[in-house]
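Engineer: I am attaching a structure below and will ask some questions about it afterwards.
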Amino acid sequence: MVKAAMPVIMRFGASLFTLAVIGLFIFMYRVLPGAYFHVLYWLGDTPYRYPFLDLESIMRARICAGQGINVYLTNPCMGGSFNYSPLMISPFWPVIGPDHRVGVGLFILAAYAGALSLLPPPDRLAAPERDDSRSARFASEPRV
């Protein structure tokens, strides 16, 4: 049973683990906010009041750029300057505003977890065995 499940675990294990960690953090943020902030402090990060703050700045930059403001220069619309790719504020993206911050953030996290399953699975879990006879032979030969 376990041996038959290994190919599935090897293929989707990283994605499932990532989704489990994301789910844990969503649960802590919603149900146990004290634990959520404590864990983020423990991990060495200073948490903000709400998640996906960087997405809010991207969405704000899209709004400011739509008003004709150069977001790559310090401006009052953003309270600073924009330091991401111009593709992030491209007009080809659907109209998404700061209110969609959590939905877009969760979509990006799910896409990342799904992309992990596209990686080739490892050949084996253990490190490959080393052939010491060959390395010892080359080490003993004189160098030219």
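Engineer: What do you get for Rg/Rh of the range 2-118 when both radii come from the Cα atoms and Rh is the Kirkwood radius?
Structural biologist: 1.08
Engineer: Starting from the 7 Å offset along Cα-to-Cβ, what nm value, one decimal, do you get for the label separation of GLN67 and ASP45?
Structural biologist: Between GLN67 and ASP45, the simple spin-label model gives 3.0 nm.
Engineer: For ALA20 and THR74, calculate 0.36 nm times their separation in residues minus their Cα-Cα distance, and state this gained length in nm to one decimal.
Structural biologist: Computed gain between ALA20 and THR74 is 15.5 nm.
Engineer: Tell me which residues come under 5 Å, amide H to amide H, from GLY80 once H is placed; ignore anything under 5 positions away on its chain.
Structural biologist: Residues meeting the criterion, in which the H sits 1.01 Å from N, are ASN75.
Engineer: Can you list the HN-Hα couplings for the range 69-79, worked out from phi with the Karplus curve (6.51, -1.76, 1.60; θ = phi - 60°), rounded to whole Hz and with x for Gly and Pro?
Structural biologist: Values per residue, Gly and Pro as x: 8, 6, 6, 7, 9, 4, 8, x, 4, 9, x Hz.
Engineer: Shifting gears a bit: Could you work out the local net charge near GLU56, counting Lys and Arg as +1, Asp and Glu as -1, over the other residues with Cβ closer than 10 Å to its Cβ?
Structural biologist: Net charge around GLU56: 0.
Engineer: Would you list PHE17, PHE52, PHE37, PHE82 from fewest to most Cβ contacts within 10 Å?
Structural biologist: Sorted ascending by nearby Cβ count, the order is PHE17, PHE37, PHE52, PHE82.
Engineer: Percent of Cα-Cα pairs more than 16 Å apart in the range 24-79, please.
Structural biologist: Distances greater than 16 Å cover 54 percent of the Cα pairs.
Any read-out appearing in this document is the output of simple, stated calculations on the displayed coordinates, not a laboratory observation. Note that the structure is predicted; figures quoted are calculated from it, not measured. No Cβ is skipped: glycine too gets one built from the backbone with ideal geometry, and neighbour counts run over all protein chains shown.
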